[in-house]
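The structure under discussion appears below in the form of structure tokens.
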Amino acid sequence: MPHPRHTAELYPHKPAYIMGDSGEMVTYRQLDQRSNQGAQLFRSLGLKAGDHIALMMENNARFLEICWAAQRSGLIYTPISSHLKRDETAYILENCGAKLFIGSHKLIDVVLEVSKVASGVESFYMVGGIADGYESWEEAVDLQPVTEIDDQQNGVPMLYSSGTTGKPKGIFVAPAETDVDATPGLAKTLGQAFGFGEETVYLSPAPLYHAAPLHYNMMSIFQGGTSVLMEKFEPEQALRLIEEHRVTHSQWVPIMFVRMLKLPQEVRTRYDVSSMQFAIHAAAPCPIEVKEKMIDWWGPVIVEYYAASEGIGATIIDSDGWLSHKGSVGPAFVGELHIVDDDGNELPVGEIGTIYFGGDAAVFKYHGEPEKTAGAYDARGWATTGDVGYVDDDGFLYLTDRKNFMIISGGVNIYPQEIENMLINHEKVADVAVFGVPCDEFGEKVQAVVEPMNWVDATDETAIEIMEWLRERISHIKLPKALDFHRELPRLDNGKLYKRHLMEEYKGAARAEDKPD
């Protein structure tokens, strides 16, 4: 499988990636030359293999150029969420030991503040403009030669956990090989399973600072494919790009499916999606009805995997497998599945417990902590990220929820994910969060917060309508005791719902015996 520097020799004018909104195209020759110039700049600044850099920017045409410059320099590079604020960003810079920081002019309000408090960073650059304390990345790179550095090595990303349950942690999986041409591990597993290659046209609708979008785009380009990068997900534009570029592969999170399905029928049928070979989804469980509708619309090209940034294991399931095991995320593809109770005992088929992977699972470490961090691995070397589920007789895994989201009401375990998966199918619901709040009588009670499709529907009458609809479809034990409306739920563009903020807000209000405004 070729590194992009080899594709640049064979097919210099082939697009490495194309920006969805602007249409800006970066060819393999341009990517090769600009990443060489970036690598030359890194060396001129004294950065050597194993050093750390960080970047904070929106999806733009410079993002992957910088990542490839770091890759061929042997650097460890950390993309930082464009939604973080000054102190959160500074924490990551300090924690990872970044010597260089590259920010975007579009995020100037935050990156200007970051430069004032990131004392360990030696060099500051900015993409798309300049500001006090920052040099222009483009101008600095343009001054460098386009030739390869003499000591190319395989650099790797180190991404930080989303921080849904506390401070983010840098997850580091050391490269298996230092050779700059080393094949990415993903290409040998899921990349091979999904048929990534030179003919791939990969649509990436999510932010590049997240693990899956970054890894899949780097893998696609490594193998000589073309990526189509959306600056920001917009449901109709995604369909237009599939048709326009004859996209063969794509990756989604379930809320993107929901928003495409809620487009008017005449919009959904306007675009030809028949070029799609693999529509991959992950990151969060997909409601059964949503997935049924997607398979009916796009055909049996929907494939799902369950994995984590830690690389501890993975499951995979295609459309046919899912239709015969609805709601499953599939059997183990990497590692061995184990379902474990709170005492560490392995549970039998059908019983719910914490999901662990063993066997071939990768060894990772959280940056700055022991390699086998307490709470990540058990004494048997099995690893978990805290998700809860069960396996069936065929060895297929079913996710129930994250352990820390489980509600215990009157001694009954209630999993919010099941209720959310049902509510999202209501025609007036754009997004939903379900969680527990303190209750003197039952310990906890079920609270639902809905983002309506139209704010004019945020009425008591609509709340009653939704609750009556839900009552017909779910056990009364799981029925929310209250349903409130919010204009926008804390779901970022990675597709993950940051319920912790809502939970803290409501729990604080419950202690004050009043609900939030």
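Details
- If the condition is being over 25 Å from the mean Cα position of the chain (by Cα), aliphatic (A, V, I, L, M) and within 20 Å of I255 (Cβ to Cβ), then region 461-506 contributes I466, L470, L483.
- Hits in region 450-479 - residues which are among the polar types (S, T, N, Q) and part of a loop (DSSP other than H, G, I, E, B): N454, T459, S475
- Test: E58 is surrounded by fewer than 20 Cβ atoms within 10 Å (Cβ to Cβ), under 21 Å from E138 (Cβ atoms) and either acidic (D, E) or touching a Ser or Thr at 6+ places or on another chain (Cβ under 8 Å) (or both): yes
- Within region 192-208, the residues that satisfy the criterion of being within 24 Å of V334 (Cβ to Cβ) and part of a loop (DSSP other than H, G, I, E, B) are F194, G195, F196, G197, T200, A206, L208.
- Flag for V180 being among the aliphatic types (A, V, I, L, M) and in contact with a helix residue (DSSP H, G or I) (Cβ under 7 Å, 6 or more places away or on another chain): no
- Those residues of region 159-187 which are part of a helix (DSSP H, G or I) and closer than 27 Å to G386 by Cβ, in sequence order: G185, L186
- For region 54-77, the set of residues classified as touching a Cys at 6+ places or on another chain (Cβ under 9 Å) and over 19 Å from S204 (Cβ atoms) consists of A54, I76, listed by residue number.
- Candidate set: region 359-414, residues that are among the acidic types (D, E) and either in the same structural domain as K481 (by TED's automatic domain parsing) or closer than 22 Å to K326 by Cβ (or both); chosen: the one modelled with the lowest pLDDT: D401
- Enumeration of residues in region 480-503 that are among the basic types (K, R) and either outside any helix (DSSP H, G or I) or at pLDDT below 75 (or both): K481, R487, R491, K496
- Selection status of S81, hydroxyl-bearing (S, T, Y), surrounded by 16 or more Cβ atoms within 10 Å (Cβ to Cβ) and closer than 24 Å to P490 by Cβ: yes
- Enumeration of residues in region 236-288 that are part of a loop (DSSP other than H, G, I, E, B) and among the polar types (S, T, N, Q): T248, T269, S274, S275, Q277
- Every condition in (1) in contact with a helix residue (DSSP H, G or I) (Cβ under 7 Å, 6 or more places away or on another chain); (2) closer than 20 Å to G97 by Cα; (3) at pLDDT below 95 holds for S119 except the one numbered (1).
- Enumerated strands (runs of 3 or more DSSP E) restricted to region 380-442, each holding at least 3 residues that are under 22 Å from M294 (Cβ atoms) and within 23 Å of the chain's Cα centre (by Cα): 397-402, 429-439
- Selection count, region 336-357, where residues are free of Cβ contacts under 8 Å to residues at least 40 places away in the same chain and assigned to a strand (DSSP E or B): 4
The values are calculated or read from the model by the stated rules, or taken from the named source; none is laboratory data. Bear in mind that the values here come from a model prediction, so they are computed numbers and not experimental data. Every residue, glycine among them, receives a Cβ derived from its backbone with ideal geometry; neighbour counts consider all protein chains shown.
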